[in-house]
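We did not get these values from a lab; they are worked out from the coordinates using the rules stated. Predicted model, so just to flag it, every value in this text is computed and none were measured. Note that each Cβ is placed from the backbone with ideal geometry, even for glycine, and that neighbours are counted across all protein chains shown.
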Amino acid sequence: SHEILLRKNEVADRDGLTRLQNDADLLRMRNARMLVALPVNHGLDVDTRLPLNRRYCRPWTARFLANLSRAHYARFHTPLRVDSAVRTVEFQEHLMRINGNAAPAEGDTASPHLTGQAVDLAKHGLSRTEIAWMRGYLLPLIQEGKIDVEEEFRQSCFHISVYQNYVPPSSTPRRSIAASPRVEASALATALR
């Protein structure tokens, strides 16, 4: 919806996320580790039509995908599939010409795919039970302001924007706790939760 797109762009601006203009920006952000590879494993695969250079996302989005796909696989023993991830303005402009449902490439309602924080997860192939499970898994994260989701029916996907606050900042590095020789086991266990 218009309101959700506005919110996604407001959050992206607040978090200082840039929109990728072209493949050079994409390569630069990958090299700087501002974008990481999608966490493909037995619980998550990628549509073969998605070009290799666009199988990337923000690190917190990758963490979200890893957590979601692990939970889904544990319950259903089938993988989720990513249909779309990071996009460039150049690609979004092309998409707008061939897909009337595509968000703009610029402005207050620009596609969140341009920041690398959004992914599309296919609903095709998911059972009604899996779709209901997905809705139940995603709702608390929406309510906590960690993600926004648009369930698309024309493209049959969950369009998910994952916000930087999905991964809380760590106040104490694990390494320093584990390196201390006199840390009690209970304190270590508490810190690692």
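Sort 158-168, 9-19 by the packing proxy (mean of other Cβ within 10 Å over each peptide's residues), most packed first.
Peptide ranking by packing, descending: 158-168, 9-19.
Can you work out ³J(HN,Hα) from phi for every residue in segment 155-161, in order, using Karplus 6.51 cos²θ - 1.76 cosθ + 1.60 and θ = phi - 60°, giving whole Hz and x for Gly and Pro?
3J(HN,Hα) across segment 155-161, in whole Hz: 8, 6, 8, 9, 8, 10, 9.
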